[in-house]
Amino acid sequence: VMLDPDSGLSLTIARIVQRLKGSSLHSQLERQARISLHKPEIKLESLKEDIKDFLKTSGWEKKLQNAIYSELNVFPAPCHPAAPPEHMKEPLGYMRKAQGSWEKRILKSLNSMCTELSIPLAQKRPVNEQKELLNKWNEMGTDEPDLSLFRPVYAPKDFLEVLMNLRNPNYENGEQPSFRNHLGLIQVPLKVKDIPELKEDFSELGLNIGQLGIDDSAQVPPEFFENEHVRVGQKVLAEQDSAAAQQYVRQGCPTALRADLWALILNISNQPEDILYYEQLKSNVIQHDLLVDSLIYKDVKLTASNDDYYFVFEDYLYQVLLCFSRDTSVLEHFTYSSATPPKSYIRGKLGMEEYAVFYPPNGKNFNYNSFILSVAPLCFLYHEPSKLYQIFREMYVRFFFRLHSISSHPSGIVSLCLLFETLLQTHLPQLFYHLREIGAQPLRISFKWMVRAFSGYLATDQLLLLWDRILGYNSLEVLAVLAAAVFAFRAVNLMEVTSLAAAEAVLADLSTLKVMPLLQIFLFATVT
């Protein structure tokens, strides 16, 4: 049931007010308003207006606007009051059911690992172990524990198999009229955008608009655009306006301003209470040993240690991911995610709800390999652990969780896969059919790029230019467009391959690709 705009707006306002009431911003605003009462310019007869003016001139109104903008970006539009709460998580029943089965499968894998290795899910660390961990907190990478018995909970290809088997039960096989012609691996009828709609949505990427990441634009000499763009960026930062920053980064971020602009868009200011919260998470890591700690260790060793770009950040990765696994504030995002936090039971109390606890505490039982690749690029921008941590957590609850859960959201991994296949089948039909005929379905190759937001595949400067656009458009759809653009760019070579292995070899190294020219050409120079 659709809400009429007025009731939708009043519900949104009520929800935001409710959420901000318990925040530290609310108490800071109250404190500032009380302080202002002692100022001579505040008159009793115009008290309300004068306090409003004071909050405006002292910069607090801007902080409130940014907080509201952040809420609007993260939380979905309100459902109809009569809609059951699970509709806010995911409106389609068959998607909720598939996500539920997938979660059970992951939890089963985790529990069987516990049983096989006779290791509890969680236990308190002995005091000497706590001291040892505290002493080497900044150099955990020097540790070489034997983790040969631990195995990843799942691999991207297992997740792809689940997505390939998704079906809408309301359709008989072969009865999906608008969908009958879709020959890709994803067989669910979701609405995805075509190139004209994408052009409209991503209009700032147009051929005649200045972009960072394009060296030879015919319209604007790059150095002229860059100098002007830096000047505007500094102005946006001086204004401290999240909405303006989000609009600005659609044309790319100057390297020197990126860390501050991203923090402004995500509304992260690293206040003393945020630093304290991070320290509490750290002490929780030091006191308790979780089974997922070993999985994090193993994945960091396998992923980052072997990466030319990321190996230097190994210690940061441990710190951020170990703290993330303990962060119960992440549970809040399950209200708008199709996922449900997994529960475990205190030993000897199996099945008794009052002894059920979320495990791990942040509710995330995912393959940490993808997490590592979401944190690593941020290490280039943020060197202060609590700030790095907050930026990663915010990026995760806004964007990256959608790459690991089954949902019908336009930025969800199912829609991205379908968008990728539809773009390829529509605009490069010969290539699409050729690869399909030789058993090299394009999605089998591009899935790992999208599920990791291209981290670990592109050169870091290119990856950050791509992520600028994710933040700028508040959407992950650009991942599917880039994946299709890569196939278009290598189409001539791909038309000559005769096997999946050969196709994978053509696309094995993306580290020399330039993201922005690929996106521009695919979106704005493709004949539609």
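With respect to the numbered conditions (1) closer than 30 Å to Y316 by Cβ; (2) within 27 Å of the chain's Cα centre (by Cα), which one is the sole condition not fulfilled by K89?
The failed condition is (1).
Provide a single number: the residues in region 277-299 that are closer than 19 Å to A376 by Cα and out of contact with any helix residue (DSSP H, G or I) (no Cβ under 8 Å at 6 or more places or on another chain).
Here the count works out to 2.
Report, by residue number, each residue of region 185-208 that is of a type outside the set (A, V, I, L, M, F, W, C) and assigned to a loop (DSSP other than H, G, I, E, B).
Start the filter on region 185-208 by keeping residues that are of a type outside the set (A, V, I, L, M, F, W, C), which leaves 187, 189, 191, 193-194, 196-197, 199-201, 203-204, 206, 208.
The answer is Q187, P189, K191, K193, D194, G206, N208.
Take the residues in region 300-328 that are at pLDDT below 85 and open to solvent by less than 50 Å² (accessible area, probe 1.4 Å), then tell me which one is nearest to C379 (Cα to Cα).
Only one residue fits best here, namely Y310.
Do we find that D260 is more than 30 Å from C114 (Cα to Cα), without any contact (Cβ under 8 Å) to a residue 60 or more places away in the chain and in a loop (DSSP other than H, G, I, E, B) in this structure?
Details: more than 30 Å from C114 (Cα to Cα): yes; without any contact (Cβ under 8 Å) to a residue 60 or more places away in the chain: yes; in a loop (DSSP other than H, G, I, E, B): no.
It is false that D260 is more than 30 Å from C114 (Cα to Cα), without any contact (Cβ under 8 Å) to a residue 60 or more places away in the chain and in a loop (DSSP other than H, G, I, E, B).
What number of residues within region 84-119 are over 27 Å from I413 (Cα atoms) and open to solvent by 50 Å² or more (accessible area, probe 1.4 Å)?
Number of matching residues: 4.
Report, ordered by the first and then the second residue, all pairs with beta carbons closer than 9 Å, sequence separation of six or more or different chains, a first member in region 47-74 that is free of Cβ contacts under 8 Å to residues at least 24 places away in the same chain and more than 14 Å from Q240 (Cα to Cα), and a second member that is assigned to a helix (DSSP H, G or I) and among the charged types (D, E, K, R).
K52/E61
Select, from S294, S283, the only residue that is surrounded by fewer than 21 Cβ atoms within 10 Å (Cβ to Cβ), free of Cβ contacts under 8 Å to residues at least 24 places away in the same chain, out of contact with any Cys (no Cβ under 6 Å at 6 or more places or on another chain) and part of a helix (DSSP H, G or I). Can you show your working first?
Values: S294 fails: free of Cβ contacts under 8 Å to residues at least 24 places away in the same chain.
Answer to the check: S283.
Of everything in region 207-259, what is at positive phi, open to solvent by 20 Å² or more (accessible area, probe 1.4 Å) and at pLDDT 90 or above? Give them in sequence order.
Narrowing region 207-259 to residues at positive phi: 213, 240, 252.
Filter again for open to solvent by 20 Å² or more (accessible area, probe 1.4 Å), leaving 213, 240.
Q240 - this is the single residue of region 207-259 that is at positive phi, open to solvent by 20 Å² or more (accessible area, probe 1.4 Å) and at pLDDT 90 or above.
Going through region 120-174 one residue at a time, which ones are assigned to a helix (DSSP H, G or I), open to solvent by 80 Å² or more (accessible area, probe 1.4 Å) and without any contact (Cβ under 8 Å) to a residue 24 or more places away in the chain? Steps first, please.
Taking region 120-174 as the starting set, the residues that turn out to be assigned to a helix (DSSP H, G or I) are 127-135, 137-142, 156-164.
Remaining after also requiring open to solvent by 80 Å² or more (accessible area, probe 1.4 Å): 127-128, 131-132, 134-135, 138-139, 142, 157.
The answer is V127, N128, K131, E132, N135, T142.
Right, L443: more than 19 Å from E200 (Cα to Cα), in contact (Cβ under 8 Å) with a residue 12 or more places away in the chain and not basic (K, R) or not? Let's see the steps before the verdict.
On the way: more than 19 Å from E200 (Cα to Cα): yes; in contact (Cβ under 8 Å) with a residue 12 or more places away in the chain: yes; not basic (K, R): yes.
In short, yes.
Looking at this structure, is D289 in contact with an Asp or Glu (Cβ under 8 Å, 6 or more places away or on another chain), of a type in the set (D, E) and assigned to a helix (DSSP H, G or I)?
no
The values are calculated or read from the model by the stated rules, or taken from the named source; none is laboratory data. For clarity, every value in this text was computed on a predicted model and none was experimentally measured. All Cβ positions, even for glycine, are placed from backbone atoms using ideal geometry, and neighbour counts span all protein chains on display. For accessibility, only protein heavy atoms count, side chains too; no ligands or nucleic acids. Shrake-Rupley method; radii C 1.70, N 1.55, O 1.52, S 1.80 Å.
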